[in-house]
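Below you'll find the structure, written out as structure tokens, and then a few comments.
The values are calculated or read from the model by the stated rules, or taken from the named source; none is laboratory data. Since the structure is predicted, the reported quantities are computational estimates derived from the model, not experimental observations. Every residue, glycine among them, receives a Cβ derived from its backbone with ideal geometry; neighbour counts consider all protein chains shown.
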């Protein structure tokens, strides 16, 4: 049985990630311009049927800091994309657990009817099963444009349940099997938090999928996405403008070069747009109420920017 890798115990230097433009060492902080809005994420709300150990957005049955987005509110952003010819191809739904939002089927119908592709991030548990008939109808009409990405944190049940809680494994596997049996385009999202190499982790998922008779290519980073673990209290390098050359990485490969996320804060009259899926609570990454207002450059002034996007090389829409 693989074991969990303990994160670095070195605490984050409190001088880091303070100034949006300058690092603690006085160097110019890297920033990322919006190349094009390829993906728009709609956060359906932070309520979830699970309380996961390392949920970056702290979703739970009680966390409603981000309230349910309505179908009408989501539609206004689709209108803006079409009106301003932004060329957006993918609309992503994340939470919380998106299927807890009662208007998700209506939002999906709107997105898919307009010709966008859609992806839903889910734990495939009871909330999804409550809308089976609506999902089957959407898949019948728009299946080629609808992807369901199921979160399975590790191919070993014990490690998955260490993250997601006791008795969370089998309901998720049952949901995954139902989706596959009914012809949905199914992807899986895992986490790379064990001592194994990426190759070993992918091989483990491949065995899981084969045992279930589910045709998911575990070697494909698009159909099995492995996210790095994130802890904003642990030390991580700040990303400077020089880092692009040192790391041989292009700024426009980072998630905020091609995506934004819509959220609605509890008590707010209207939704707002934030830089990415990872930073829904930090006010410095709140960019305005419209997509047009959100089109500026993003300073990488958060540990997640370094750990997840630049050094981890991850993106939610892979």
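Out of the residues in segment 4-15 that are part of a loop (DSSP other than H, G, I, E, B) and within 25 Å of the chain's Cα centre (by Cα), state the one that is modelled with the highest pLDDT. Let's see the steps before the verdict.
Residues of segment 4-15 part of a loop (DSSP other than H, G, I, E, B): 5-10, 12-15.
Now narrow it down to the ones that are within 25 Å of the chain's Cα centre (by Cα): 5-8, 12.
Values: 5: 45, 6: 42, 7: 46, 8: 50, 12: 89.
Per the stated criteria, the residue is 12.
If you go through segment 124-131 one residue at a time, do you hit one that is touching a helix residue (DSSP H, G or I) at 6+ places or on another chain (Cβ under 6 Å), part of a strand (DSSP E or B) and within 25 Å of residue 56 (Cβ to Cβ)? Let's see the steps before the verdict.
Filtering segment 124-131 for residues touching a helix residue (DSSP H, G or I) at 6+ places or on another chain (Cβ under 6 Å) gives 124-125, 127-128, 131.
Keeping just the survivors that are part of a strand (DSSP E or B) gives none.
The answer is no, given that none of the residues of segment 124-131 is touching a helix residue (DSSP H, G or I) at 6+ places or on another chain (Cβ under 6 Å), part of a strand (DSSP E or B) and within 25 Å of residue 56 (Cβ to Cβ).
Evaluate the following for residue 242: is it touching a strand residue (DSSP E or B) at 6+ places or on another chain (Cβ under 9 Å), touching a residue at least 40 places away in the same chain (Cβ under 8 Å) and surrounded by fewer than 12 Cβ atoms within 10 Å (Cβ to Cβ)?
Details: touching a strand residue (DSSP E or B) at 6+ places or on another chain (Cβ under 9 Å): yes; touching a residue at least 40 places away in the same chain (Cβ under 8 Å): yes; surrounded by fewer than 12 Cβ atoms within 10 Å (Cβ to Cβ): yes.
Here the answer is yes, as residue 242 does meet what is asked.
I'm trying to understand the selection: among the residues of segment 299-316, which are in a loop (DSSP other than H, G, I, E, B) and at pLDDT below 90?
As a first pass, look at segment 299-316 and keep what is in a loop (DSSP other than H, G, I, E, B): 300-302, 311-316.
Across segment 299-316, the qualifying residues are 311, 312, 313, 314, 315, 316.
Give segment 250-298 a look and list any residue that's buried (at least 22 other Cβ atoms within 10 Å of the Cβ) and either part of a strand (DSSP E or B) or on the phi > 0 side of the Ramachandran plot (or both), or say none.
Hits for segment 250-298 are 259, 260, 261, 262, 263, 273, 274, 298.
I'd like the full set of residues that are touching a strand residue (DSSP E or B) at 6+ places or on another chain (Cβ under 9 Å) and closer than 19 Å to residue 166 by Cα, limited to segment 50-81.
50, 51, 52, 54, 59, 60, 61, 62
Quick test for you: out of 232, 237, pick the one residue that is part of a loop (DSSP other than H, G, I, E, B), surrounded by fewer than 18 Cβ atoms within 10 Å (Cβ to Cβ), over 20 Å from the mean Cα position of the chain (by Cα) and in contact (Cβ under 8 Å) with a residue 24 or more places away in the chain.
Numbers: 232 fails: over 20 Å from the mean Cα position of the chain (by Cα).
That would be 237, the only listed residue that is part of a loop (DSSP other than H, G, I, E, B), surrounded by fewer than 18 Cβ atoms within 10 Å (Cβ to Cβ), over 20 Å from the mean Cα position of the chain (by Cα) and in contact (Cβ under 8 Å) with a residue 24 or more places away in the chain.
Tell me, which residue of segment 28-78 that is without any contact (Cβ under 8 Å) to a residue 12 or more places away in the chain and not in a loop (DSSP other than H, G, I, E, B) is surrounded by the fewest Cβ atoms within 10 Å (Cβ to Cβ)?
Ranking the qualifying residues of segment 28-78, first place goes to 72.
Residue by residue through segment 80-102, note down the ones that are touching a residue at least 40 places away in the same chain (Cβ under 8 Å), outside any helix (DSSP H, G or I) and closer than 17 Å to residue 43 by Cβ. Let's see the steps before the verdict.
To start, the set of residues in segment 80-102 that are touching a residue at least 40 places away in the same chain (Cβ under 8 Å) comprises 80-81, 84, 86-98, 100-101.
Still in the running and outside any helix (DSSP H, G or I): 84, 86-97, 101.
Passing the criteria: 88, 90, 91, 92, 93, 94, 95, 96, 97, 101.
Just a yes or no: is a residue in segment 217-229 farther than 26 Å from residue 35 by Cα and in contact with a helix residue (DSSP H, G or I) (Cβ under 6 Å, 6 or more places away or on another chain)? Walk me through it before giving the result.
Residues of segment 217-229 farther than 26 Å from residue 35 by Cα: 217-219, 229.
Narrowing the set further to residues that are in contact with a helix residue (DSSP H, G or I) (Cβ under 6 Å, 6 or more places away or on another chain) leaves 218-219.
Within segment 217-229, one or more residues are farther than 26 Å from residue 35 by Cα and in contact with a helix residue (DSSP H, G or I) (Cβ under 6 Å, 6 or more places away or on another chain).
Quick one: in segment 145-168, which of the residues that are assigned to a helix (DSSP H, G or I) and under 20 Å from residue 94 (Cα atoms) is modelled with the highest pLDDT? Working first, answer last.
Filtering segment 145-168 for residues assigned to a helix (DSSP H, G or I) gives 145, 157-164.
Still in the running and under 20 Å from residue 94 (Cα atoms): 145, 160, 163-164.
Numbers: 145: 98, 160: 95, 163: 92, 164: 95.
Only one residue fits best here, namely 145.
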